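S.K.: The structure under discussion is supplied below as structure tokens; questions concerning it will follow.
Any read-out appearing in this document is the output of simple, stated calculations on the displayed coordinates, not a laboratory observation. Model, not experiment: these values are computed from the prediction. No Cβ is skipped: glycine too gets one built from the backbone with ideal geometry, and neighbour counts run over all protein chains shown.
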Amino acid sequence: MIVRVHGDWLKAGAVALFVVLPLLVGSDASAQSTEGPSLGPWPTIARPAQRAARPAEALSVEPTVTTPVAPIRRAALDGDTAADGTADGDEQPPAATADAESTDQPALPVDGMLRDEEPPPVLDGGDPTMDMRPVEDRQAFATSEVPVGYDPSQFSIEVDPATDRRPARFAELDPYAPTGIRLGSFVLFPEAEIGIAAFDNVLRTPTGQRSDVALETSPSARLVSTWGVHALELGARGNLSFHDELPSEDDRAWAIDARGRLDVTRRTNIEASLTHDVAQETRGTINSRATQSGRSDVTTDRATAAINHRFNRLRLQLRGAAAERDYSPEIASDGTTISNDDRDSRQHELALRATWEFKPQLSVFAEAGTDARDFRVASFSDGIRRDSNGERYRAGISFGNAGEIIRGEAAVGYLEQRFEYGNLPSVSGVILDANLGWRITGLTSLLVTAQTDLGESTVSGAGGTLVRSFGAEVRHAFRRNIVGSAGVRLAHAKYAGIDLAEQDVTTSLGVDYFLSREVSLFGRYAHIDYTSSSPNSDYGADEVRFGVRVRR
């Protein structure tokens, strides 16, 4: 049908259109709005709401909302009939809002959407040393790794890498790091153990074993600096025991030490340590001259210094040490004095170490050193002085002291010590050294130690012994505050020049129950099995200890 429109009415309609059009269009937001006059109730069904175009990073799953069944009639911008067949100006139904009542039907999945909870894919060619344990395992017993000099609870001054204390600390699985007492720019870490010990063979004799009980206490303290550069550490410790029936076995051991580090430049530092140690000689060895009346006091003074410099990945260390060991006389059962002057000695060591670092947790090193020992007098057994000179060569691998899985180092090498008098045979052999702490899991650790060195000899015809010691201790946290341990330690000494060897095997069990950060209970059991090629020298001994440890 043809509709004819009068020209004046056409002009009036055009003017009205241009007047009303800006009101209808407005902004982009009002043009897209579905708001309009209500047309009454509409039958509805659940369907996904229309999504506006948005960047890919902002994509999210659209909620399910209620929309009309009939097509929504929108105003055409050009005044023509809309695409859905409704004319311009027709009223539209109310738009669905986000808070509209929704049905129980779940939202439809959207293809191509990645959910946040999905684990990241494993990339080929990644770091094989990456820790793939769950976060909760990594956080359990995690130690702080702040720069050296800022965390006083860490041992930051270790002159000799072979005796580094940090691997043992790493393997302790201590759930509470000590907080200490702040004193200006220092922090004091006091600690004390007190307990009861029982022995079934306190004299460590093959026959006629004597049992005894003792009260033991072990106080200690560390004063550590918190400076940004340089470092200083002062320490003191003691070991006192009071036996019930055999006061000759009482311990009166104590030690003091001082450690310091001078940071010359960012690549160069100087480390030094001084130690004065007093202890009682252990019974049951071939060299021991302990009598029923008591044991000899062994006093050791040691000074160590090292210069460390870093050339990018290459690190060099020049290290030297001087030690003096003195054995006090012993009193025999008949009141006579037994001298130990032939065991008093002085030792001087010098070593150069080169380390190549592949990454902070992996490096290799090589070390060469000398060892000179001088004795005060000739041995009482054969009249020959035991003065000697020797060399040490080592090569090994280091895992650093900042890794989350393993720390410490291991080395192999060769030593030889030649004696200057009496045509005594030299002592030589393969070196096996280790000082490793390994976190097998977040709840289990393993400490491995090994050392090879020259031992003294007072036996006629033998200038010295090649002493090898190995140890392994497993610790497991049954709960965060209950840690059990099991270990074994073996020490073997082979005397050069004669057919004599001795071996000491110690097995141990223990448990620590942490009541709080400051107080814990402990229990220890140890079995010592000593064997020797010397007739009638073998013995066994058992020791049990219970006590409490208090620290701050």
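S.K.: Report, in whole Å, the centroid distance computed from the Cα atoms of region 506-552 and region 242-306.
M.R.: If you average the Cα positions of each part, the centres end up 20 Å apart.
S.K.: According to a simple spin-label model (label point 7 Å from Cα along Cα-to-Cβ), what is the distance in nm between LEU262 and THR282?
M.R.: Here the modelled spin labels are 3.7 nm apart.
S.K.: Once label points are set 7 Å from the Cα along Cα→Cβ at both THR444 and TRP356, what is their separation, rounded to one decimal in nm?
M.R.: 3.6
S.K.: Between ARG479 and SER211, 0.36 nm times their residue separation minus their Cα-Cα distance comes to what?
M.R.: Residue separation times 0.36 nm, minus the Cα-Cα distance, leaves 93.0 nm.
S.K.: Points 7 angstrom from Cα along the Cβ direction at THR531 and ALA368: gap in nanometres?
M.R.: Here the answer is 4.0 nm between the modelled labels.
S.K.: How long is the gain from LEU509 to LEU234 if the chain were fully straight, where each residue apart is worth 0.36 nm and the alpha carbon distance is subtracted?
M.R.: Length difference between fully extended and current span is 95.9 nm.
S.K.: Compute the semi-axes of the equivalent ellipsoid of region 429-514, taking the square root of 5 times each eigenvalue of the Cα gyration tensor, and list them largest first in whole Å.
M.R.: 35, 13, 7
S.K.: Summing +1 for each Lys or Arg and -1 for each Asp or Glu, what net charge is found among the other residues whose Cβ lies under 12 Å from the Cβ of ALA305?
M.R.: Spelling it out: positives minus negatives among the neighbours equals +1.
S.K.: Compute the FRET efficiency between PHE546 and SER381 as 1/(1 + (r/R0)^6), taking r as their Cβ-Cβ distance and R0 = 41 Å, and round to the nearest 0.05.
M.R.: That gives a FRET efficiency of 0.45.
S.K.: What is the distance in Å between the Cα centres of region 379-395 and region 176-203?
M.R.: 37
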